[in-house]
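K.L.:
Sharing a structure, written as structure tokens. Questions coming.
The values are calculated or read from the model by the stated rules, or taken from the named source; none is laboratory data. What you see is a predicted model, and the numbers here were worked out from it, not measured in a lab. With ideal geometry, Cβ positions are generated from the backbone for all residues, glycine too; neighbour counts draw on all protein chains shown. Accessible surface is based on the protein model in full, side chains and every heavy atom, while ligands, DNA and RNA are left aside. Shrake-Rupley method; radii C 1.70, N 1.55, O 1.52, S 1.80 Å.
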Amino acid sequence: MSPTAKPALLALLSLGTTLSFVATVPVSAQKSGEVKLTVSEGVRKAQADAQKAFDKVDKLVKPTNGSVTAANSAQVVAALAEADGPIAAAEAAARTNDELYVAQELRYRKESMSNAARYYNNGQAANQESVRFAPYLDKLLANPSTPASSIADYAYERGHIAYIAQRYQDAIPLFQRAKAAGSTKPLLDAFLVDSKIKLKDYAGAAVDIEPVIAKMKASGQTVPESFYAVALEQAYRSKSPLTIAYELRWYADYPS
């Protein structure tokens, strides 16, 4: 038996980007006021000016429970464009790690929010466009001033971008970093396992696959057929008592 089933997460890929507008804003962005940073007056003013644009967006999406719709999409994009000048000013004035974090966080927040606003009804397009955010996230993940509480989200998003770009060898350590930092993203383990499958690391995938299958079944998600193929092959090779269980689950989900 060889795990050559259908592409594992193509059907689930669009779920990796949440199109509810508020959910696309990084946790660090929503709570940036709680982070104690030492910044110059110039950077502080630029941050406050950019925040005015974000506040305007909050008011625009409030009637739709934080979601971008056909009615407010253009207005949201226009409001976010007002943050470009202040963010550029913050980037030009930033000198220390703290100041760089402020500028980097503002830039990533604005660009990710704009992406969600433009592709509010097309998760696949939003995912593909998000690949250009990789440099922003790389800077945030490398900056020692980035709050530890934000690393899980940033690492997950960067791993997801690597996954979309089919750079699975890069995605795995990023997903592992997100997991170690406490990420609770529902598809994290599934993306991690599938990245190993794509690299033909079937033994590595099998180590984590049972709890992933159980979690997906419990939440009502469709388990990719390739997960069953890998799980069954590894169970068979190790003479595991789970062999028959995997066969039955696979047949139940994919009778053909």
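K.L.:
In the range 165-256, which helices (runs of 4 or more DSSP H) lie fully inside it and hold 1 or more residues that are among the polar types (S, T, N, Q) and open to solvent by less than 10 Å² (accessible area, probe 1.4 Å)?
P.N.:
Those helices (runs of 4 or more DSSP H) span 188-198, 225-237.
K.L.:
Further question: If you scan the range 95-133, which residues turn out to be touching a Lys or Arg at 6+ places or on another chain (Cβ under 8 Å) and farther than 20 Å from ALA81 by Cα?
P.N.:
LEU100
Rundown of residues vs (1) touching a helix residue (DSSP H, G or I) at 6+ places or on another chain (Cβ under 9 Å); (2) assigned to a helix (DSSP H, G or I); (3) open to solvent by 50 Å² or more (accessible area, probe 1.4 Å); (4) of a type in the set (A, V, I, L, M), yes/no style:
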| site | (1), (2), (3), (4) |
| --- | --- |
| LYS45 | yes, yes, yes, no |
| LYS52 | yes, yes, yes, no |
| GLY66 | yes, no, no, no |
| ALA70 | no, no, yes, yes |
| ALA74 | yes, yes, yes, yes |
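K.L.:
Of a type in the set (D, E, K, R), touching a residue at least 12 places away in the same chain (Cβ under 8 Å) and under 22 Å from GLU225 (Cα atoms) - does that describe any residue in the range 176-190?
P.N.:
Scanning the range 176-190, I find at least one residue that is of a type in the set (D, E, K, R), touching a residue at least 12 places away in the same chain (Cβ under 8 Å) and under 22 Å from GLU225 (Cα atoms), so the answer is yes.
K.L.:
Continuing with this model, one more query. What number of residues in the range 94-125 are free of Cβ contacts under 8 Å to residues at least 60 places away in the same chain, out of contact with any helix residue (DSSP H, G or I) (no Cβ under 6 Å at 6 or more places or on another chain) and over 21 Å from VAL77 (Cβ atoms)?
P.N.:
Total meeting the criteria: 4.
K.L.:
Right, another one. Out of ALA125, ALA79, ALA116, ALA94, report the one residue that is of a type in the set (A, V, I, L, M, F, W, C), buried (at least 16 other Cβ atoms within 10 Å of the Cβ) and at pLDDT below 95.
P.N.:
Only one candidate passes the filter, namely ALA116.
K.L.:
Scanning for something surrounded by 13 or more Cβ atoms within 10 Å (Cβ to Cβ) and either closer than 17 Å to GLN104 by Cβ or modelled with pLDDT of 95 or more (or both), does the range 4-12 turn up at least one residue?
P.N.:
no
K.L.:
It is to be established whether one or more residues within the range 22-40 are open to solvent by 80 Å² or more (accessible area, probe 1.4 Å) and at pLDDT 90 or above.
P.N.:
Within the range 22-40 (the criterion being open to solvent by 80 Å² or more (accessible area, probe 1.4 Å) and at pLDDT 90 or above), the answer is yes, since at least one residue qualifies.
K.L.:
Another question, then. Cβ contacts < 6 Å: first residue in contact (Cβ under 8 Å) with a residue 12 or more places away in the chain, restricted to the range 58-87; second residue open to solvent by 80 Å² or more (accessible area, probe 1.4 Å), any location; separation 6+ or different chain. Result?
P.N.:
Note: pairs meeting the criteria are LEU60/GLN75; ALA79/LYS56.
K.L.:
Does GLN128 satisfy being closer than 30 Å to ALA214 by Cβ and either in contact (Cβ under 8 Å) with a residue 24 or more places away in the chain or part of a helix (DSSP H, G or I) (or both)?
P.N.:
Considered against the rule, which asks whether it is closer than 30 Å to ALA214 by Cβ and either in contact (Cβ under 8 Å) with a residue 24 or more places away in the chain or part of a helix (DSSP H, G or I) (or both), GLN128 comes out as no.
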